Amino acid sequence: MNQVIETLQNHRSIRKFDDRALTDEQIHTIIKSAQAASTSSFVQAYSIIGVKDKQKKAQLAELAGGQTYVENNGHFFIFCADLYRHQLIAEKYGQDNKAVLESTEKFMVAVIDATLAAQNAVIAAESMGLGAVYIGGLRNQLNEVCDLIKTPPLVLPLFGVAVGYPAHQPDQKQRLPLEQVYHEDVYQQDKDMYLEQLEKYDQDISQYYDKRTNGQRKDTWTGQMASMLSKPTRMYMKEFVAKKGFNKQ
């Protein structure tokens, strides 16, 4: 096993950081690593907003649901789907590409491009001895987030990534069995096998929580998912995405 694979397989979310800012050199290395990610047809349909201002970070933490690590970290990155520059390109060449930019396909391209870039950024940070955690909570109140970071049309904040020097090292959560996520040739649909694998996984996750909380928590993964998926969240998203100019057709 080489160092890259060790870094990948050693990932865990860090939610407590030392009070130590990243240097500009570290930030630029992380961004350049993000830019090295694959991008659909060289479209590069994303942007990254770095937040250093402490007051802005505090406001973002509140908007994200009171997650303190959004405020207290070495640097906070916001990854955005971005087709604004492509609109400017169309204007430069006297073209009307509105239908293309508003298509579901180009929305997917922008989301995928941004996500690939973010994962490269996280891996780069971790390879430098830093820790990171993704922040989907920014989507709780996207109107306010967009106002705060002043995003133009066709720029949509997708998630944040808090990066910094880890102040703790949590145990790693075991992922789903390989057989649950990897299928050869066709999608395997043996329901009994699926449920049997999930039952075993539930036992492992319950033991993880039991150990981590000294017996105060023993919930299962399927129980977590059933509870989470029974409660509608962020149901304004379709309308908001269209308002920003994406996914209209």
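Numerical summary
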| item | result |
| --- | --- |
| Matching strands (runs of 3 or more DSSP E) fully within the stretch 30-138 where at least 2 residues are closer than 20 Å to Lys243 by Cα | 46-51, 75-82 |
| Residue satisfying condition, being surrounded by 14 or more Cβ atoms within 10 Å (Cβ to Cβ), modelled with pLDDT of 90 or more and in contact with a Lys or Arg (Cβ under 7 Å, 6 or more places away or on another chain), within set Tyr201, Tyr208 | Tyr208 |
| Any chance Glu71 is out of contact with any strand residue (DSSP E or B) (no Cβ under 8 Å at 6 or more places or on another chain), within 20 Å of Leu154 (Cβ to Cβ) and surrounded by 17 or more Cβ atoms within 10 Å (Cβ to Cβ) | no |
| Gly136 more than 27 Å from Phe42 (Cβ to Cβ), at pLDDT 95 or above, loosely packed, with under 15 Cβ neighbours inside 10 Å and of a type outside the set (S, T, N, Q) | yes |
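Yes or no, residue by residue, for (1) exposed (fewer than 13 other Cβ atoms within 10 Å of the Cβ); (2) charged (D, E, K, R):
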| residue | (1), (2) |
| --- | --- |
| Val155 | no, no |
| Glu179 | yes, yes |
| Lys218 | no, yes |
| Trp221 | no, no |
| Ala226 | yes, no |
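The values are calculated or read from the model by the stated rules, or taken from the named source; none is laboratory data. Predicted, not measured: the structure shown is a model, and the values here were computed from it. Quick reminder, even Gly has a Cβ in these numbers, built from the backbone with ideal geometry, and neighbours come from all protein chains shown.
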